Each structure stands twice: as C-alpha cells, then as structure tokens.
Amino acid sequence: MRNNIIILSVLIFNFSYSQIYEVGFTIGKSNFIGDVGNTTFINPEYNAYGGVIKWNRSPRHAFRFSFLKTKLEANDLDSSDPRRIERGYKFKTPLSELSFGMEFNFFDYDLHDYDILFTPYLYTGIIYSNFNEQLLINNIISDSSKKISTLGIPIVIGLKQRILYNFILSFEAGARYTFTDKIDGNSYNSNGIIYNFGNINNNDWYMFLNLNLTYTFGKKPCYCNID
C-alpha cells in the first residue's frame, strides 16, 4: 500500500511539474481570402493586435485563449483574375476574434527548466468572429454597420523560444476557416431574396501572421517524501 502511494505521488508530481501560466500580447498582420479581392493565400496587409493567455498543462500541450482585432479589406482590382477586375467589387470591415483551443509542442517544453527552450508547435480549437454585415446594393458592396458573427476553426503553426528568464517569444502563421460566406457580402437574405456572387460552395477564410510575447509565471510544485 505504501509503495502504491509513493508511485501515485511521483506520477502526480511529474504530471504537474510543468503547470505554468503565460500572459502576453500579440501583434501582426492579416488578410482576407474569399469571393472578393486578391486570391493570394498568405498576403499580410492590415494591422492586427490582441492578447493571449496560456496554461501549460504538460511539456507537450497547453490550453490557450486569445483575443484579436484587425480590419479585413479586399478589392477586386488587386486580383490577377480578369473576371474579378472587370467586376470591381470591394469591401472592408473591422473584425474581432475570440479563440480557445489547445497548443501542441513538437518537443518537450518544460518552462520550469530554465535552459534555453525552443520548439515548433501547432494550435487549433474554435473561434468566434464578429464583423460588420456587408450588403450588395446596386452592384456595390456597402457596410450596413450591423454586427454579425460566425464560428470557425483556427489552423496555426508556429515557433517559440525563451528569450529571457520569464519571457517567451513566438512567431506564427495561421489560417481561419469560417463557417460563413458572408464576410465579403456574399450570401445574404433580403426580403426573402438570396443574393450570391462568386463561388457559393466555399466559405470565407482569413489569415494572420503574428509575433507573440508572453510572460511566464506559476509556482513550481514542491515534492515531499512520504514516510
């Protein structure tokens, strides 16, 4: 019985050893991919900023919550597609995003180990995005100033490294697949009439390239021998 208690205590200690928190800010650029504008997938254009909180549950994974604000804008005249150039649609909208999910480290990343730490990582989860409704009126996309929202899936790859005793710097590229085709004004209902243009079978995407700086804190658990 005593041996079982010791083994259980060791397992609990090892599991909790890397429980540490991170809080910080993020800055970067964003771009939109949809039925309007440039079709280049990674084309960062507009400023983005926000905050991030992490709970490093083990050396290989962390729960993460983040908040981002940016502007999404697109213009058909920036496209290389002659059909889009001839059409000439454009739109812009502010966008706010809440994201929650899990970050997976490629290498062990125990923040209680104060050697230089580096690892690539992946992040995914769920997002909630809020933006202004766009309406196609008289062949012009107009901002109605009405807020609408959608859910989506973040797909993020990044690199992170400790740069000081309690600071982590990371760089990441991320796509957001949304569950809507309405960010650019496509697919909306007006008095029972559905307005569509472009590819009605594809939902909207948007991209981020971000630089994150977080401060780590959290007390290293104390291991005590059991008599």
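The values are calculated or read from the model by the stated rules, or taken from the named source; none is laboratory data. Keep in mind that this is a model prediction, so the values were computed, not measured. Counting neighbours? That spans all protein chains shown, and the Cβs are built from the backbone with ideal geometry, glycine included. Side chains included, ligands, DNA and RNA excluded: accessible areas come from the protein's heavy atoms. Shrake-Rupley method; radii C 1.70, N 1.55, O 1.52, S 1.80 Å.
For the stretch 53-68, the criterion of being open to solvent by less than 70 Å² (accessible area, probe 1.4 Å), assigned to a loop (DSSP other than H, G, I, E, B) and at pLDDT below 95 is met by at least one residue. Among residues of the stretch 74-90 that are of a type in the set (Phe, Trp, Tyr), those with a Cβ under 8 angstrom from a residue that is part of a helix (DSSP H, G or I) and crowded, with 17+ Cβ neighbours inside 10 Å, sequence gap 6+ or separate chain, pair up as 89/76. Considering the stretch 178-197, the residues that are open to solvent by less than 70 Å² (accessible area, probe 1.4 Å) and within 29 Å of residue 28 (Cα to Cα) include one that is modelled with the highest pLDDT, namely 178.
Right, residue 89: open to solvent by 50 Å² or more (accessible area, probe 1.4 Å), in contact with a strand residue (DSSP E or B) (Cβ under 8 Å, 6 or more places away or on another chain) and within 22 Å of residue 71 (Cβ to Cβ) or not? For residue 89, the condition - open to solvent by 50 Å² or more (accessible area, probe 1.4 Å), in contact with a strand residue (DSSP E or B) (Cβ under 8 Å, 6 or more places away or on another chain) and within 22 Å of residue 71 (Cβ to Cβ) - is not met.
Summed over the stretch 162-172, residues that are modelled with pLDDT of 95 or more and open to solvent by 30 Å² or more (accessible area, probe 1.4 Å) total 2. Report whether or not residue 116 is farther than 30 Å from residue 85 by Cβ, β-branched (Val, Ile, Thr), open to solvent by 70 Å² or more (accessible area, probe 1.4 Å) and in contact (Cβ under 8 Å) with a residue 24 or more places away in the chain. It is true that residue 116 is farther than 30 Å from residue 85 by Cβ, β-branched (Val, Ile, Thr), open to solvent by 70 Å² or more (accessible area, probe 1.4 Å) and in contact (Cβ under 8 Å) with a residue 24 or more places away in the chain. Note on the stretch 91-113: among residues that are in contact (Cβ under 8 Å) with a residue 40 or more places away in the chain and of a type in the set (Gly, Ala, Ser), the one that is nearest to residue 20 (Cα to Cα) is 101.
One residue stands out in the stretch 122-141 among those that are under 16 Å from residue 95 (Cα atoms) and surrounded by 14 or more Cβ atoms within 10 Å (Cβ to Cβ): the one that is farthest from the chain's Cα centre (by Cα), namely 134.
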